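The structure under discussion appears below in the form of structure tokens.
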């Protein structure tokens, strides 16, 4: 297969030439069917939202996944590692590493279960509760508020409902 | 990453019990604010969709990211590694590893650029084109068709438009 240099034009003519053999550098790529794929669009939107989340919560150094764990521990104190990991869909080795990180920052603590010595119960520490409270405020005021502004409340509700439907019924 | 169904299984009774202190095992956890967070719902929906995609395309052993690369190479033959990786938002080391995998299966090929010897141009092979064609059929017939059925065409269009808006304007 030979590849030759062609003109770098974004015009239809240029695109046709590019499609023949080798395309010019610098011009935007054609997404084609990709832009119609729900999975691709979901992934791009999710990456953008996670990026913005990280920026908004930067003073507290929390990832979206760590924030989810803190929220879940707060609502469900004393549940074990497996239950929290399963609920969030996080694989066990990844979850253990994440807990190590949170525990080393004194945000949560693992305790041996009283009825099953092999099992660890998870609890937020006072510092964990305080960091979570600050994170919630940052997320609401900076991240979710801007999303609401972009989409409008009605669309945001519709979007959330469709996403939940995909996650639970698809 | 696997997605557990636990999160969607919460009965009201289970939720009340979990709200006590050290809650009983086996009952569903309370998601609390998590279920209202767009980022969390996006991630869950995206994981579910990727899981289904993998299942539908299993005969061809393609991940969603590999499928995206093949689609993009097909539409934009001869573009370089950096352009494809940037367009898909894939980090360079991850992209190089992915290309190694695709090339070892004879689905695409890297060629030194004629105008920049440090740059690699990417092209689908004949086998790559044929696998892509089969993958497109599986995705359309099994994956996207079922998503269409779940959401309805109008909702699907609205969802795609909101996701694209988040990815490009947020």
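The values are calculated or read from the model by the stated rules, or taken from the named source; none is laboratory data. Just so it is clear, the model here is predicted, and its values are computed rather than measured. Every residue, glycine among them, receives a Cβ derived from its backbone with ideal geometry; neighbour counts consider all protein chains shown.
Checking A:118, A:110 one by one, the residue that is touching a residue at least 24 places away in the same chain (Cβ under 8 Å), more than 9 Å from chain B (Cβ to nearest Cβ) and not in a helix (DSSP H, G or I) is A:110 and no other.
What do you reckon, is residue B:78 at pLDDT below 95, surrounded by 15 or more Cβ atoms within 10 Å (Cβ to Cβ) and farther than 25 Å from residue B:160 by Cα?
Yes.
A count restricted to the range A:74-98 and to residues that are outside any loop (DSSP other than H, G, I, E, B) and either in contact with a helix residue (DSSP H, G or I) (Cβ under 7 Å, 6 or more places away or on another chain) or in contact (Cβ under 8 Å) with a residue 60 or more places away in the chain (or both) stands at 11.
Look at (1) farther than 19 Å from residue A:45 by Cβ; (2) modelled with pLDDT of 95 or more; (3) crowded, with 17+ Cβ neighbours inside 10 Å and you find that residue B:83 fails only one, number (2).
For residue B:27, the conditions (1) at the interface with another protein chain (Cβ under 8 Å from one of its Cβ atoms); (2) surrounded by 19 or more Cβ atoms within 10 Å (Cβ to Cβ); (3) at pLDDT below 90 all hold with the exception of (1).
The set of residues in the range B:53-73 that are part of a helix (DSSP H, G or I) and either surrounded by fewer than 18 Cβ atoms within 10 Å (Cβ to Cβ) or more than 7 Å from chain A (Cβ to nearest Cβ) (or both) comprises B:54, B:55, B:56, B:58, B:59, B:60, B:65, B:66, B:67, B:69, B:70, B:73.
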